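The values are calculated or read from the model by the stated rules, or taken from the named source; none is laboratory data. Since the model is a prediction, treat every value here as computed from it, not as a measurement. Methodologically, a virtual Cβ is constructed for each residue, glycine included, from the backbone with ideal geometry; neighbour enumeration extends over all protein chains shown. For accessibility, only protein heavy atoms count, side chains too; no ligands or nucleic acids. Shrake-Rupley method; radii C 1.70, N 1.55, O 1.52, S 1.80 Å.
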Amino acid sequence: MTILVTGGAGYIGSHTCVELLQAGYDIAVLDNFSNSSPEALRRVSEITGKEFPVYAIDLLNLDELDRVFSNHTIQAVIHLAGLKAVGESVSSPMHYYYSNMTSTFHLCETMSKYGVHRFVFSSSATVYGLPESVPITEKFPVGATNPYGRTKQMIEQVLQDLYASNPAWGISILRYFNPIGAHKSGRIGEDPSGIPNNLMPFITQVAIGRRDQLTVYGNDYPTSDGTGVRDYIHVADLAQGHLRALEKCLSAPGLDIYNLGTGKGYSVLDVVRAFEKVSGRTIPYTVVDRRPGDIATCYADPSKAQHELGWKAVRDIEEMCEDSWQWQLRNPEGYKEMVTTSQANG
Ligand code: WQD
């Protein structure tokens, strides 16, 4: 029996594959490598000592997807593949709606055809939009404010209707807060292409001298120091959350939604200070206007996942910064240099 991981070469995907393999699962990875590197999967094998099939295909290609299901007895699917840049989704909404929605439709259609009804879906705290208060529980109303977030919100609704139509499904919907950090080995980590959208990869690129300074988007929010507050969660804790959710949906049919966060909020400057402390590097920054679409404060009430999945984030902000730093220090150009090296080796 195999667990199919879509988007398995990505930041969350590669860390989730490590945890799955080390927990004894057999996996197959499907990735179109549009925003990830095959090198990440080579390193997943290096870390775990285990090999697994990799399909370089796009979920939009229904025939190729069908081939994967005909080649394996799939027990469950962990669906991480998707476009996820908020800003890009605003400028290219049709691309986001078509890609994220259609790939999920293809996946559910093929799963049904092969009698596979166990599904873990990568959603996002961005579905909450501007929360009425914090901490945020799963009972809060959803109201995404950008096309990327709306694709996640719509897919959640599709999955709820799918379950209502056929209670044989076992579905876990995971709303990620802000994943940062990297595997302890420093061999896999976050490797955004181009200018990083997110805070931590920008900080680490400043720390190794790839960027001159950090731009802080606003210091006039109603927060402790005026900068945005978020619930940062170590990617290894997030990966463990996927394992618990998988076990839950394998155990029985049903549909559950879980916040995967720490329940603690840290401001931009809190993160900068923590990073400077663990790295010994100074992070110069300049404050500019707020980034359109940003909210002041967002952090989870993670108690439902704790009670129902037996899961709790255990790594603190300094460990998150340390592990992000070690990844960037050992891989100044992310996975690119290895591709160059392997190309050079032929
Ligand atoms: C965090 C804080 C910024 C960069 C996004 C998506 C969300 C999820 C996680 C996919 C904010 C500030 C950032 C910078 C800054 N992605 N910041 N300078 O916006 O909370 O969430 O990524 O699922 O869907 O919305 O994360 O890391 O971009 O920003 O000052 O160069 O850091 O204003 O307060 P965000 P982020």
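Remarks
- Residues in region 298-314 that are buried (at least 20 other Cβ atoms within 10 Å of the Cβ) and not small (Gly, Ala, Ser) were compared, and the one that is nearest to VAL235 (Cα to Cα) is TRP311.
- Among the residues of region 315-332, those that are of a type in the set (S, T, N, Q) and either open to solvent by less than 10 Å² (accessible area, probe 1.4 Å) or under 17 Å from LEU199 (Cβ atoms) (or both) comprise SER324, GLN328, ASN331.
- Residue match in region 156-166 (condition: open to solvent by 10 Å² or more (accessible area, probe 1.4 Å) and in contact with a Pro (Cβ under 7 Å, 6 or more places away or on another chain)): no
- Exactly one residue among ILE27, ILE57, ILE12, ILE78 is aliphatic (A, V, I, L, M), in contact with a Lys or Arg (Cβ under 9 Å, 6 or more places away or on another chain) and within 23 Å of ARG244 (Cα to Cα), and that residue is ILE27.
- Residues that are touching a residue at least 12 places away in the same chain (Cβ under 8 Å) and acidic (Asp, Glu) are absent from region 274-285.
- Of the residues making up region 146-166, just one is within 15 Å of the ligand (Cβ to nearest atom) and either farther than 26 Å from ASP294 by Cα or small (Gly, Ala, Ser) (or both), namely GLY149.
- All positions within region 11-28 that are open to solvent by less than 10 Å² (accessible area, probe 1.4 Å) and either among the hydroxyl-bearing types (Ser, Thr, Tyr) or at pLDDT below 95 (or both): SER14, THR16
- Within region 130-140, the residues that satisfy the criterion of being in contact (Cβ under 8 Å) with a residue 12 or more places away in the chain and open to solvent by 10 Å² or more (accessible area, probe 1.4 Å) are LEU130, PRO131, VAL134, PRO135, THR137, GLU138, PHE140.
- Meets criteria (touching a Phe, Trp or Tyr at 6+ places or on another chain (Cβ under 9 Å) and either within 23 Å of GLY241 (Cβ to Cβ) or surrounded by fewer than 22 Cβ atoms within 10 Å (Cβ to Cβ) (or both)) for GLU109: no
- Where helices (runs of 4 or more DSSP H) fall wholly inside region 196-289, the ranges with 3 or more residues that are more than 14 Å from the ligand (Cβ to nearest atom) and either open to solvent by less than 60 Å² (accessible area, probe 1.4 Å) or over 29 Å from VAL158 (Cα atoms) (or both) are 235-251, 268-279.
- The numbered conditions (1) closer than 22 Å to PRO196 by Cα; (2) more than 18 Å from the chain's Cα centre (by Cα) are all true for LYS304 except (1).
- Members of region 167-181 found to be part of a loop (DSSP other than H, G, I, E, B) and within 15 Å of the ligand (Cβ to nearest atom), listed by number: PHE177, GLY181
- Positions within region 46-77 being charged (D, E, K, R) and free of Cβ contacts under 8 Å to residues at least 60 places away in the same chain, in sequence order: LYS50, GLU51, ASP58, ASP63, GLU64, ASP66, ARG67
- Yes/no for TRP325 being in contact (Cβ under 8 Å) with a residue 60 or more places away in the chain, closer than 30 Å to SER172 by Cα and of a type in the set (Phe, Trp, Tyr): no
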